[in-house]
Amino acid sequence: MQGATRILLFHGEALFRPSQMATHFFLVEAGLIQVLATDGQSVRRQFGSSEMFGIPEVLARGRWDLTAVAEGPTAVRRFPAEVLFATLADMPEEHDRFLRGIAAMA
């Protein structure tokens, strides 16, 4: 996909933190991303190889609520929001409404 960049993270490195704008969504290529609860310790979600995340937050044009960190060495592909919005512009209206409904849940 055009505009995607590969990011290599070391163990414990943050991908995003609370209050940062959700301007990108992500695909884990290798390794593991953990989304931590507000206490910074408890794991709320995990994303492993071939898993994509962050689309609802990008669609909502919101901010990240939690922190995402690498558990061990991790490679992530980062896609800009513009890629998603350009794709939405080409979708049939019913698909667009469906995805915007998902965004409202973020």
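The numbers here are math on the coordinates, done by the rules we state, and not lab data. Computed from a prediction, not measured in an experiment: that's the story for all the values here. No Cβ is skipped: glycine too gets one built from the backbone with ideal geometry, and neighbour counts run over all protein chains shown.
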By the scheme Lys and Arg +1, Asp and Glu -1, what is the net charge of all other residues having a beta-carbon under 10 Å from that of LEU32?
-> -2
Environment charge of ALA4, counting only residues whose C-beta is closer than 14 Å and scoring Lys/Arg +1, Asp/Glu -1 = +1
What's the local net charge at PHE53, with K and R +1, D and E -1, over the other residues with C-beta under 15 Å away?
-> -1
Are there chymotrypsin sites (Phe, Trp or Tyr not before Pro) in region 10-74 that DSSP marks as loop and that have at most 13 other Cβ atoms within 10 Å, and which are they?
-> PHE10
